[in-house]
1. What number comes out for accessible area per residue over segment 215-333 if the probe is 1.4 Å? Units Å², please.
2. Using the Cα centre of segment 145-228 as the reference point, and only Cβ charges (+1 on K/R, -1 on D/E), how large is the resulting charge dipole? Debye, rounded to the nearest 20.
3. Round to the nearest 0.05 the FRET efficiency obtained for Asn229 and Ser146 when R0 = 22 Å and r is the Cβ-Cβ distance.
4. Putting +1 on Lys and Arg Cβ atoms and -1 on Asp and Glu Cβ atoms, find which of Ser270, Ser238, Leu302 reaches farthest to the positive end of the dipole of segment 226-312.
5. About its Cα centre, what dipole magnitude does segment 257-320 give when the only charges are +1 on Lys and Arg Cβ and -1 on Asp and Glu Cβ, stated in debye to the nearest 20?
6. For segment 133-203, which GluC sites (Glu not before Pro) are in a loop by DSSP, counting at most 15 other Cβ atoms within 10 Å?
7. Would you compute the Debye intensity of segment 115-243 from its alpha-carbon atoms alone, equal scatterers and no solvent, and pass along log10 I(q)/I(0) at q = 0.12 Å⁻¹ to two decimals?
8. When Rg is the radius of gyration of the Cα atoms in segment 268-311 and Rh is its Kirkwood radius, what does Rg/Rh come to?
Amino acid sequence: KGKGDKMGKFSVNSIRGNEDGKGLKVDAVEGEKKLRLGEGLLNDASKDVIKMRIVNLDRNKIRKNSKNNYSIKDIDSLAESIRIYGIASPLNVKKINDNEYMLLGGERRITAIDKLIEDPTVPEWNEDTLIPCTIKDLDKIKLPLSDEAKEQYALITTNKEARKYTDADRYIEVQAWKRIIDELRANGVDTINMEDKDIQIKGEKTRDILARTTGMSQGQIQRYNKVENNATANLINSVLDDEISIGVAERAVDILTPREQDSLAEAARSQKIAPIDVDTFKKEEPKEEYTDKVNSDVEELLENIKNKKIYFTEKQEREYTKLIKKLANILNK
């Protein structure tokens, strides 16, 4: 993804820079500027060796990122894996000052590490155990993006391949990419390069760009967009809390009113909802006013029983009680 002049091309690899990197090299290509991304990240002695600044940090120097809203699950099994095998890859952080670093990638790993530190039966993991981290410099993300968008870009691209996505994670990623694409367009970027593939920005539909940047199908992208555009805030929060699937949310926006969507979201807090269950929350809306008819029917009924003694069998009494309660419920709604 990238920064650029007209027809600029950018690479997701720019996020993989480090504080010692030398930046980007600009070449003139047929009257245009083409940014050769990653040029400053290679060792002068060998272009095949990538310099990585890896440091070992105390846990108290690493801050979790409040902007990271991805789900954190299966921590127990991950903690056990780290206890036995160690950390497979360094965490990704950005430097805030000499004593603080902000987490960019590795939220599940740092949560698992915290669990090990708190466990008295695992003495090798404690507050003094050093954690390997790769320092990322957001200034070297050569994209025409705001600082906030650069940080979001780093969050959604760092260690993407290691994350097991939930529907909530995909929803968050789609919305983040939409904001980034809007900024790229506003700043005149025509093309970006991801994983050695050119992705057209100018003149392309956002849905098509999202399909290529996220790896989801256009049908999946359409599903998330439909929920974003039509669901109530409560229903969206249910997706983000992993209480309902995107399939349930899509069915809900197809057939439920906003009030019914909120009822479904409320129910999802205490019960599992499948797409087939959504119909249960569909309530038929009144089509016309029946006040006069109800009054007329009641008057007719009273007239018919006037001066009469009413006798019920046990069965008739049960049916009568049931009908009266049902009528009362209908009139009270």
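The values are calculated or read from the model by the stated rules, or taken from the named source; none is laboratory data. Since the structure is predicted, the reported quantities are computational estimates derived from the model, not experimental observations. Cβ atoms come from the backbone with ideal geometry, glycine included; neighbour counts cover every protein chain shown. Please note that ligands, DNA and RNA were not included when accessible areas were found on the heavy atoms of the full protein model with its side chains. Shrake-Rupley method; radii C 1.70, N 1.55, O 1.52, S 1.80 Å.
1. 77
2. Around 340 debye, computed over segment 145-228.
3. 0.35
4. The listed residue farthest towards the positive side: Leu302.
5. Taking the Cα centre of segment 257-320 as origin, the dipole is about 340 debye.
6. Answer in residue order: Glu195.
7. Those come out to -0.61, one per q.
8. A ratio of 1.37.
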